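Quick notes on the structure that follows.
The values are calculated or read from the model by the stated rules, or taken from the named source; none is laboratory data. Since the model is a prediction, treat every value here as computed from it, not as a measurement. When we count neighbours, we look across all protein chains shown, and the Cβ atoms used for this are built from the backbone with ideal geometry, even at glycine. Accessible surface is based on the protein model in full, side chains and every heavy atom, while ligands, DNA and RNA are left aside. Shrake-Rupley method; radii C 1.70, N 1.55, O 1.52, S 1.80 Å.
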Amino acid sequence: MHEVSIAQNIVEIVTETLRQHPASVVRSVRISAGRLSGVDGEALRFALDVVKDGTVLADADFEIECPPAAGVCQNCGREVEMADIFVLCPHCGSTAVQLTSGDQLQILDMEVE
Amino acid sequence: MDRIDLQKKILSRNDEIAAALAERFRRHNNYVMNMISSPGSGKTTLLEKLIPMFQARHLRVGVLEGDVQTENDARRIARLDVPVRQIITCGSCHLDAQMIEEHLDALPLPELELLFIENVGNLVCPSTYLLGEDDKMVVLSTAEGDDKPIKYPAVFRRAAVMVVNKIDLMELTDFDLDQAVHYARGIKPDVAVFPVSCRSGEGLDALCRWIVGRYEEKSQRVRK
């Protein structure tokens, strides 16, 4: 349950960015929380709704993407979709599948006016 | 309406502080271990057993203790005559880099070879926050499920070493050590694994030697 702390970091980054921009209101923010990032999208949305009050994000909508993870098999070199972090390579059966994406926790962009 | 492209890591501020801490540790030649586990797996007891072994090798140890409440763990460690500082998070489920920075001045870094940061007992949140450490240690015990690695993959994927504690209890539980190691290696193929018992002392010497080896490797890199 560290989503509140994550939400506070988002508010800080957005506030700081807006300070260097002529706009004053944030309309929407796009966030990417990979399925293996350890952050739950719904819990993050709930936390954002709580911490946004009284900030430049008070009226903002949040679009939270939770993209699935992908990896590369260290044995056969092929790309593997990862529904879970513990997968066998579907091509060669190896357990040595290296995660390449899906653990990111990023603010992608935001709309302001 | 304007679109501002950010593509920014949400924890970038934490990562910046952690990078500054890592530089500070490098300057003082401190090897730093971030210990993560669920509550009750035996992190503090493990430290109580390991610290005298390091002291016997003339390695000086410092400890930062993270807990939601109480100074109990710091009191236990202080009995071993090592510098220790309790960080009470007041409800927060993890330590972050800023908390480490705020409490680090309480420890004599130039006089330490090893620094252990005992994180708040939690297998989820602590894995996301870098603290400037060299390695993460994940501790699980045989009183827990052997499927912990696949239930909490984020922390196991980032761990350099997995300690399986309380192996003296294994015959009383359904814990399957081979299964736990298989799961952990599936997530992190090169993770070092040490089955130990803090009660009997089994396995502790091998773990101690591994940690000393990591310290020596870092020390050589720093001197170059």
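Rg and Dmax, both from the Cα atoms of segment B:97-224 and both in Å, are 15.8, 49. Of the residues B:THR173, B:THR89, B:VAL161, the one whose Cα sits farthest toward the positive end of the charge dipole of segment B:84-183, with +1 on the Cβ of Lys and Arg and -1 on the Cβ of Asp and Glu, is B:THR89. In segment B:1-61, the ratio of gyration radius to Kirkwood radius, Rg to Rh, stands at 1.23 when only Cα atoms are counted. In the full protein context, chain B carries 44 Å² of accessible surface per residue, based on a 1.4 Å probe and ignoring ligands, DNA and RNA.
Its residues counted as N, chain B yields a C-alpha radius of gyration over 2.2 N^0.38 Å of 1.02.
Dipole magnitude for the protein assembly as shown: about 1200 debye, using +1 per Lys or Arg Cβ and -1 per Asp or Glu Cβ, origin at the Cα centre. Annotation: Cα Rg of segment A:1-98 relative to the compact-globule expectation 2.2 N^0.38 Å equals 1.44.
Cα extents for segment A:53-113 along the principal axes, largest to smallest and rounded to whole angstrom: 53, 17, 12.
Inter-part distance, segment B:15-48 to segment B:145-193, computed on C-alpha centroids, equals 20 Å. Could you tell me what percent of the accessible area of segment A:32-84 is made up of carbon and sulfur, with a 1.4 Å probe and every protein chain present? Using a 1.4 Å probe with all protein chains present, segment A:32-84 comes out at 44 percent carbon and sulfur.
Relative to its Kirkwood radius, the Cα radius of gyration of segment B:42-104 gives an Rg/Rh of 0.99.
Pairs exceeding 20 Å between alpha-carbon atoms, taken from A:LYS52/B:LYS151; B:LYS9/B:LYS224; B:LYS188/B:LYS224; B:LYS49/B:LYS148; B:LYS49/B:LYS166; B:LYS136/B:LYS188: A:LYS52/B:LYS151; B:LYS9/B:LYS224; B:LYS188/B:LYS224; B:LYS49/B:LYS148. When the P(r) is computed for the protein assembly as shown, the part past 37 Å accounts for 23% of the Cα-Cα pairs.
Accessible area of B:THR45 (1.4 Å probe, protein heavy atoms only, ligands and nucleic acids ignored): about 50 Å².
Here each label is just a point 7 Å from Cα along the line to Cβ, and for B:ASP15 and B:GLN220 those points are 3.0 nm apart. Over segment B:77-121, the pair-distance histogram of Cα-Cα distances with 5 Å bins from zero comes to 5, 18, 31, 25, 15, 6, 1 percent, rounded to whole numbers. Considering all different alpha carbon pairs of segment B:101-170, the Kirkwood hydrodynamic radius works out to 13.9 Å. Taking label points 7 Å from Cα along the Cα-to-Cβ direction, B:THR70 and A:HIS21 give a separation of 4.7 nm. Taking every DSSP helix (H) stretch of at least 4 residues in chain B, weighting each as -39,500 (n - 2.57) and dividing the sum by the residue count yields a mean residue ellipticity at 222 nm of -11500 deg cm²/dmol. Given +1 at the Cβ of Lys and Arg, -1 at the Cβ of Asp and Glu and no other charges, the dipole of chain A around its Cα centre is 320 debye to the nearest 20. Residues of segment B:1-43 whose accessible area (probe 1.4 Å, heavy atoms of protein chains only) drops by at least 50 Å² once all protein chains are present, relative to their chain alone: B:MET1, B:ASP2, B:ARG3, B:ILE4, B:LEU6, B:GLN7, B:LYS8, B:ILE10. Need one number: the % of Cα-Cα pairs in segment B:147-213 sitting beyond the 18 Å mark. Percentage above 18 Å: 39.
Chain pair B, A: how much accessible area is buried, both chains summed, with a 1.4 Å probe, in Å² to 100? Accessible area lost upon association: around 2800 Å². For chain A, the list of Cys residues with no other Cys C-beta under 4.7 Å reads A:CYS66.
When shorter helices are ignored and each DSSP H run of at least 4 residues is given -39500 (n - 2.57), the per-residue value for chain A at 222 nm works out to -8000 deg cm²/dmol.
Excluding ligands, DNA and RNA, the accessible surface per residue across chain A is 49 Å² with a 1.4 Å probe. Would you mind classifying segment B:57-144 by shape? Square roots of the alpha carbon gyration tensor eigenvalues, ordered a ≥ b ≥ c; an a/c under 1.5 is rounded, otherwise it is prolate if a/b is larger than b/c and oblate if not. Rounded. Net charge dipole, segment B:1-66: roughly 260 debye, given to the nearest 20, about the Cα centre with Cβ charges of +1 for Lys and Arg and -1 for Asp and Glu. For chain B, with all protein chains in place and a probe radius of 1.4 Å, 46% of the accessible heavy-atom surface sits on carbon or sulfur.
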